[in-house]
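Nothing in this text is a laboratory measurement; each read-out follows from the coordinates by a stated rule. The structure displayed is predicted, hence computed values, not measured ones. Methodologically, a virtual Cβ is constructed for each residue, glycine included, from the backbone with ideal geometry; neighbour enumeration extends over all protein chains shown.
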């Protein structure tokens, strides 16, 4: 999908409430922001992780007053968490399943997102921190500090089992899930029922979708 496709959809579906774009490597920053500006009734977004998330969260916060549900597929660090807390403070549902998630980002969300009701961190590669050097310190079990903080949520989902097929795939792919390698329906799953898409959609990912950032 490219900018002109997204613009076409935005023009003809101005009352869109849910947008699922887990890969948008052919869409520019301007293209996605202009589309979101038109979708003032947007309530839910499934999106890839991006290197510099503030501009899209700013646009959602500015244009979509009923926005309540976000799913991120990729890397979720403290910058991403801070951006969400700043621009989407009333977010109710957040899923980062099958993402690289830092402990700092998780704690930030739990401490700062007072309106959050549902959180899904299932099959995440939970890291002590993000570093480009040295060995990754993977957290295999949630500590009591995290468990105490999530107890306030209405729903909390997590899976860190080494016998889980999805967790195994995350480990094999080193946290950046190669969705195109797996079943066409695999990426559409979510433990949060309102975010799960079932199995009635076509193939979306190919190897070219690995570049999850925007084009300038």
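Entry note, the chain: relative contact order of 19 percent, from Cα contacts under 8 Å with a spacing of 6+ residues. For 185, 24, 179, the sequence from fewest to most other C-beta atoms within 10 Å is 185, 24, 179. Taking other C-beta atoms within 10 Å as the exposure proxy, 154, 169 rank 154, 169 from fewest upward.
When the chain is fully extended, how far beyond the present Cα-Cα distance does residue 5 get from residue 153, taking 0.36 nm per residue of separation?
Numbers: separation 148, 0.36 × 148 = 53.28 nm, distance 3.79 nm.
Contour length minus the Cα-Cα distance gives 49.5 nm.
Among 108, 76, the order by Cβ neighbours within 10 angstrom, fewest to most, reads 108, 76. Compute the angle between helix 78-87 and the longest alpha-carbon principal axis of the chain, please, reported from 0 to 90 degrees and rounded to the nearest 10. Long axis of 78-87 versus the principal axis of the chain: about 50 degrees.
Of the labelled options (1) 48, 37, 35; (2) 111, 27, 23; (3) 51, 36, 23, which one gives Cα extents along the principal axes in Å as computed for this structure? Matching entry in (1) 48, 37, 35; (2) 111, 27, 23; (3) 51, 36, 23: (1).
Normalised by the residues of the range 1-108, what does the relative contact order come to in percent, with Cα pairs under 8 Å and at least six apart? Don't jump to the answer; show the numbers that get you there.
On the way: 192 pairs, mean separation 25.0, N = 108.
Answer for the range 1-108 is 23 percent.
Taking label points 7 Å from Cα along the Cα-to-Cβ direction, residue 90 and residue 62 give a separation of 1.8 nm. For the chain, find the longest principal axis of its Cα atoms and tell me its angle to the long axis of helix 29-38, 0 to 90°, nearest 10. Approximately 70 degrees, to the nearest ten.
For the pair residue 128 and residue 28 in one chain, pulling the backbone fully straight at 0.36 nm per residue adds 32.8 nm over the alpha carbon distance.
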